[in-house]
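The values are calculated or read from the model by the stated rules, or taken from the named source; none is laboratory data. These numbers were taken from a predicted model, which means no experiment stands behind them. Glycine also receives a Cβ, built like all others from the backbone with ideal geometry; neighbour counts cover every protein chain displayed.
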Amino acid sequence: MNPAKIRVTDFDLRYTIESGQPLTFFSDYDPKKNRLIYPTASHLLDIKFTGTSENGNLLVKGSSPAYAKRELTKRLRLNDDMKDIYSRISTDEFMANAIKKYYGMRLTINDPWETTLCFIISQYNNLKRIRGSTRKIVDLFGTEIKDDEGKVVGKRFPTSEQMMHITEKQLMECGTGFRARYIRNASEYCTNNLDLHKLQNKSYPKIKEELLEIAGVGDKVADCIALMGFGCLEAFPIDVWVKRTIERIYFKGKEKKIKDIHRFANERFQNLGGYAQQYIFWHGMHYE
DNA sequence: ACCCAGGCGGGCG
DNA sequence: CGCCCGCATGGG
């Protein structure tokens, strides 16, 4: 089958993949070739980027062109008008620099359950270890993905129901530490009490409210899931890097409460807090 | 050796 | 309520 060719503008595959979103944790990316192997629910997509961040193409193998286009348009938020978004979140020199440095970095939309797991694992953790743990879970317990000839080409994330049967000890062996208990609980809860897919078209406050019912999911993780699992651009997750960076840039290094930072971000970035946050996080983390 | 990481729940005042 | 603490584990 011919590869799908998708025109993209204001898009950078590398920054999008590497910027600490769930995609980072369970797909294979080769920066030299600018090529991504990405497991969706049913296919293993082989994605190659050519061109520049202003004007490029995605060449996608591994599925029909129609599927590839539909899936990636959603997952990589290809319909976002980045020029408009940038003009609205570029409120000062720091934001302008962040946008310039990581031009084309998109938010992504990931499977809600995968997103939930990734961000439960993320708490009080670092990117390298989050990646290691999630990959190990997929390797050990994931579902096989087959191509048209029935050949196994990769694995995808286990469902909550599949994960319900993984013991705490097995989860600990994946390096999840004290989060193993939360993972077990979330697997049960999202199998028996909360169907994440039914939150799909709900409002951000409603989605967050429901997510907070999962033991092991707090304010920050719920915002991450709302943003990267459900696409709520008004969510503004505040982790240590975002907090630290905002205090440094906008409050002369003075410590602020999470609540105050939420208020600040709401006033400044309005319903595009999620995008602003992604640039603050990634640029702030690599600052100096 | 020591400190920290895309935080959270529980316990205490 | 707000604040403080412990939590597993590997890398700097």
The conditions are (1) within 16 Å of DNA strand B (Cβ to nearest atom); (2) assigned to a helix (DSSP H, G or I); (3) surrounded by fewer than 17 Cβ atoms within 10 Å (Cβ to Cβ), and A:GLU161 fails exactly one of them. Which is it? (1)
Run A:ASP46 past the list (1) under 28 Å from A:SER133 (Cβ atoms); (2) in a loop (DSSP other than H, G, I, E, B); (3) more than 16 Å from DNA strand B (Cβ to nearest atom) and report the number of the one that doesn't hold. (2)
Six or more apart or on different chains, Cβ under 7 Å: which pairs go from a residue in segment A:172-183 that's in contact (Cβ under 8 Å) with a residue 60 or more places away in the chain to one that's near DNA strand C (Cβ under 8 Å from one of its atoms)? Could you list them? A:ILE183/A:THR176
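So that you can scan it fast, the table gives a plain yes or no per residue for (1) within 15 Å of DNA strand C (Cβ to nearest atom); (2) at pLDDT 95 or above; (3) within 19 Å of A:SER122 (Cβ to Cβ):
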| position | (1), (2), (3) |
| --- | --- |
| A:LYS208 | no, yes, yes |
| A:GLY218 | yes, yes, yes |
| A:ASP239 | yes, yes, yes |
| A:ILE249 | no, yes, no |
| A:ILE261 | yes, yes, yes |
Suppose the filter is surrounded by 13 or more Cβ atoms within 10 Å (Cβ to Cβ), hydroxyl-bearing (Ser, Thr, Tyr), not assigned by TED's automatic domain parsing to the domain that holds A:VAL221 and not in a helix (DSSP H, G or I); does A:TYR86 pass it? no
What do you reckon, is A:ARG181 among the basic types (Lys, Arg), within 16 Å of DNA strand C (Cβ to nearest atom) and in contact with a helix residue (DSSP H, G or I) (Cβ under 8 Å, 6 or more places away or on another chain)? yes
Return the only residue of A:ARG129, A:ARG156 being surrounded by 17 or more Cβ atoms within 10 Å (Cβ to Cβ) and either within 10 Å of DNA strand C (Cβ to nearest atom) or charged (D, E, K, R) (or both). A:ARG156
Please go through segment A:263-284 and pick out each residue that is within 16 Å of the chain's Cα centre (by Cα) and either within 16 Å of DNA strand C (Cβ to nearest atom) or free of Cβ contacts under 8 Å to residues at least 60 places away in the same chain (or both). A:GLY273, A:GLN277
Of (1) at pLDDT below 95; (2) charged (D, E, K, R); (3) farther than 14 Å from A:THR134 by Cα, A:LYS169 satisfies every one except (1)
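Residue by residue, here is whether (1) in a helix (DSSP H, G or I); (2) without any contact (Cβ under 8 Å) to a residue 12 or more places away in the chain; (3) more than 19 Å from the chain's Cα centre (by Cα) holds:
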| site | (1), (2), (3) |
| --- | --- |
| A:ASN2 | no, no, yes |
| A:ARG7 | no, no, yes |
| A:ARG14 | yes, no, no |
| A:GLY20 | no, no, no |
| A:THR24 | yes, no, no |
| A:LEU36 | no, no, no |
| A:THR50 | no, no, yes |
| A:SER53 | no, no, yes |
| A:TYR67 | yes, no, yes |
Only one of these is part of a helix (DSSP H, G or I), closer than 30 Å to A:THR50 by Cα and not assigned by TED's automatic domain parsing to the domain that holds A:PRO22: A:GLY132, A:GLY154. Name it. A:GLY132
Quick check on my filter: what residues within segment A:204-245 are assigned to a loop (DSSP other than H, G, I, E, B) and either among the hydroxyl-bearing types (Ser, Thr, Tyr) or in contact with an Asp or Glu (Cβ under 6 Å, 6 or more places away or on another chain) (or both)? A:ALA235, A:PRO237
